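Below you'll find the structure, written out as structure tokens, and then a few comments.
The values are calculated or read from the model by the stated rules, or taken from the named source; none is laboratory data. Please read all numbers here as calculations on a predicted model, not as lab measurements. Cβ coordinates were reconstructed from backbone atoms using ideal geometry, including for glycine residues, and neighbour counts include every protein chain displayed.
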Amino acid sequence: MGAMSVRTQSSEEPAETVHRAGFACFVGRPNAGKSTLTNALVGQKVAITSNRPQTTRHTVRGIVHREDAQLILVDTPGLHKPRTLLGERLNDVVRTTWAEVDVIGFCLPANEKLGPGDRFIAKELAGIRKTPKVAIVTKTDLVDGKTLAEQLIAIDRLGEELGITWAEIVPVSATANQQVDLLADLIAPLLPEGPALYPEGDLTDEPEQVMVAELIREAALEGVRDELPHSIAVVVEEMLPREDRPADKPLLDIHANVFIERPSQKGIIIGPKGKRLKDVGIKSRKQIEALLGTPVFLDLHVKVAKDWQRDPKQLRRLGF
């Protein structure tokens, strides 16, 4: 018996578990449940991460940290029938992204029959041969077993018809938190072997605040560079997800101060009746939202930090 117990122990504890890490994107027509699913997988209301140049050119929506794997969810712009040149370019971006990620999750709501929009996306997916595709049937809490079974069969047939081999077909309900973990279990083995690409822990980190401050500073300098070439510093005081928001409607509160050197410069930044500062807020908010992939409430204040460029204490406080 002794020898056997040694053997069972060794089989339970493999010498080295393989760690996997990679990128996935969820596709599907509008309202297919993509963002609710993202939030359920990541387990946080708003997932913010820094754009690390070595990992991805795309907006990261969230990171799923597991013992054996790290799954990084990236955004793709929606795919649509192009009516314009911009539309075609966007579609090219989408196709490039699909070819670059390690897994594509195709979200199809359980409570709506497959329609032309789903077919259009599926046809495009069929053209991307190498990337594994997981069909995810969302909103399963809204249907009975028979409807769900019919939808699973329809998706299986759609794959056969278009020559897509689904790596998995997984029914989930993100709102009822059913099978969300199972989905992560099934995606993990499809990722390439490798170490985690992002540090564990909180998803917000320092570089992000720096990038946000830079976007505000750029917007504030636009049109007044000659009058205030360098005398603007922006400090992001805090970035916090707004409490009591539903999971599918997150809001990030950003409080930032724009520091100038002299009181006379305040009027230049704020503009007549505050119009300039308002424009700066609108412009930079759009860019921050694009960077972080989440709606933002931006609270901007202009403050005077006397001769900050020549005062070491001020410079330190302003992060220089």
Which listed residue is assigned by TED's automatic domain parsing to the domain that holds THR96, closer than 18 Å to VAL27 by Cβ and not in a helix (DSSP H, G or I), from ALA167, ALA154, ALA122
ALA167
Can GLY105 be described as surrounded by 13 or more Cβ atoms within 10 Å (Cβ to Cβ), touching a residue at least 60 places away in the same chain (Cβ under 8 Å) and either assigned to a helix (DSSP H, G or I) or outside the structural domain of LEU292 (by TED's automatic domain parsing) (or both)?
yes
So which residues in region 248-274 are assigned to a helix (DSSP H, G or I) and under 17 Å from GLU218 (Cα atoms)?
GLN265, LYS266, ILE268, ILE269, ILE270
Top-ranked residue in region 180-238 [being buried (at least 16 other Cβ atoms within 10 Å of the Cβ) and in a strand (DSSP E or B); ranked as modelled with the highest pLDDT]:
VAL234
Scanning for something of a type outside the set (S, T, N, Q), within 22 Å of LEU41 (Cβ to Cβ) and surrounded by 15 or more Cβ atoms within 10 Å (Cβ to Cβ), does region 254-269 turn up at least one residue?
no
Restricting attention to region 268-320, the residues that are over 23 Å from GLU243 (Cα atoms), among the acidic types (Asp, Glu) and modelled with pLDDT of 85 or more number exactly 1
Only residues that are touching a residue at least 12 places away in the same chain (Cβ under 8 Å) and among the charged types (D, E, K, R): list them for region 157-200, please.
GLU168, GLU193, GLU200
What are the pairs with Cβ atoms under 8 angstrom where one residue, in region 75-95, is within 28 Å of ASN39 (Cβ to Cβ) and the other, located anywhere, is modelled with pLDDT of 70 or more and of a type in the set (Ser, Thr, Tyr)? Sequence gap at least six, or different chains.
THR76/THR97; VAL93/THR76; VAL94/THR76
Within region 86-104, identify whether any single residue is modelled with pLDDT of 75 or more and closer than 17 Å to ILE169 by Cβ, and answer yes or no.
yes
